[in-house]
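Here's the structure, in structure tokens; my notes come after.
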Amino acid sequence: MSSPLLARPGAVPAEAPDADVAAHYGEPVQEGRAMERACAWTDRSDRAVVRVSGPDRLTLLHSLTSQAMEGMAPGTASEALLMDANGRIRHHMAVLEDGAAVWLHTEPGQGADLAGFLHRMRFMMRVEVEDVTEGRAVLTLTGPGRDAALEAAGGALGDAPVRRADDETDVLVEREALSAAAAALTDAGARPAGLWAYEAARIAAHRPRQGLDTDERTIPHEAGWVGGAVHLDKGCYPGQETVARVHNLGRPPRRLVMLHLDGTAERLPARGAAVELDGRSVGFVGTSARHHELGPVALGMVKRNVPVDAEFTVDGVAAAQEVVVPPDTGANANIGLRRSPR
């Protein structure tokens, strides 16, 4: 579903898997600055949205995901993972409990699979699961002025659920009202900012995207999701044994790094390209972008035993690493290096 906001002046489509929304609106550097210093909205309407309702919804999600959801208060924003029995990540979800339902948004194209799985796992529980991607769209507000802009836009947003995280706010507007909501937020002082700026800020905040910065073998400790999307003090759920083992023993097979890329290169590395050390592959690169202050940056997944001061070559581009996940991450290591989740 191509976003109607691509019709805005200056809008340039992003690349897959985000080709249905804008990469930028003509001024990506200024858009990035607005996200950090003022207020900006980003069209993320390609995200899949799933609504889980019914009196047993929190019990179901608590039993299946990595997050503690039983007793979650209305208005609570969180993150959660769905894993297989071996702890490999299948879905990463932004979570909002609004008192009547749990809203989940996840990567583009994953709504039907996520909703189908949750529907099959209901058994006798009083739960309804709907893939509402066709009816709901995600608009994300960033910057210190986002609360004021949200209040000023008010009526144009209707009764849209609002997920307030530490440093961004997701508004799940009705899809048919997407253009009106964006216009109201713009009138309220929020600047349009495309995915180029948003992804650059996400990389700088050390926040991976499932399926882009991870692969089918990724476990939570490798990606730095423990403590944000994984609650360590809850009961059984698929993948818990892997989480507990790595947390207690440390030493995950791989670790997430942020890459500071050579700014003299005219291009960014291709997603999935090898991260090389002394001519041998030690991992792969995920998302890359040009940050308005840091320059070209990327996230990569490398082998745990690669030295933390090693410098790499990525798709022909020189890259220095910034540690996100320490090699010995676990109960006895500092797992707080990753910045606060959004």
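The values are calculated or read from the model by the stated rules, or taken from the named source; none is laboratory data. Every value quoted in this text rests on a predicted model; they were computed, and no experiment measured them. All Cβ positions, even for glycine, are placed from backbone atoms using ideal geometry, and neighbour counts span all protein chains on display. Just so you know, the surface numbers come from the protein's heavy atoms only, side chains and all, with ligands and any DNA or RNA stripped out. Shrake-Rupley method; radii C 1.70, N 1.55, O 1.52, S 1.80 Å.
Of the GluC sites (Glu not before Pro) found in segment 170-239, those that fall in a DSSP loop while having at most 15 other beta-carbon atoms within 10 Å are GLU216. Average accessible surface for segment 1-135: 41 Å² per residue, computed with a 1.4 Å probe over protein heavy atoms with every protein chain in place.
Spatially, segment 46-61 and segment 147-204 are offset by 22 Å when compared through their Cα centroids.
Of ALA177, ALA16, ALA137, the residue with the greatest mean-square motion in the GNM of the chain, using alpha carbon springs below 10 Å, is ALA16. Quotient of the Cα radius of gyration of segment 186-317 and 2.2 N^0.38 Å, N being its number of residues: 1.18.
Taking label positions 7 Å along the Cα-Cβ direction at both PHE117 and ALA320, the computed distance is 3.9 nm, reported to one decimal.
Apolar share of the accessible surface for segment 215-299: 48 percent from carbon plus sulfur atoms, 1.4 Å probe. Between ALA183 and ALA148, the simple spin-label model (points 7 angstrom out along Cα→Cβ) gives 2.4 nm. For segment 99-212, the share of accessible area belonging to carbon and sulfur comes to 52 percent (1.4 Å probe, ligands and nucleic acids excluded). Computed with a 1.4 Å probe over protein heavy atoms only, the accessible surface of segment 144-221 comes to 37 Å² per residue. Rounded to the nearest 20, the size of the Cβ-charge dipole of segment 121-237 about its Cα centre is 180 debye, with Lys and Arg at +1 and Asp and Glu at -1. For segment 1-52, with all protein chains in place and a probe radius of 1.4 Å, 52% of the accessible heavy-atom surface sits on carbon or sulfur. For MET83, the residues 5 or more places off, or on other chains, whose built amide H falls under 5 Å of its own are ARG90. Here is the P(r) of the chain: all C-alpha pair distances, binned every 10 Å from 0, give 6, 25, 33, 26, 9, 1 in whole percents. Helices in the chain, meaning DSSP H runs of at least 4 residues, each add -39500 (n - 2.57). Divided by all residues, the mean residue ellipticity at 222 nm is -5500 deg cm²/dmol. Just name one of SER288, GLN321, ALA7: the one whose Cα is farthest towards the positive end of the charge dipole of the chain (beta-carbon charges, Lys/Arg +1, Asp/Glu -1). With unit charges placed on the Cβ atoms, the residue in question is GLN321. Among the chymotrypsin sites (Phe, Trp or Tyr not before Pro) found in segment 69-147, those both in a DSSP coil and sparsely packed, with 12 or fewer other Cβ atoms within 10 Å of their Cβ, are PHE123. The radius of gyration of the Cα set in segment 1-100, together with its Dmax, comes out at 17.6, 48 angstrom.
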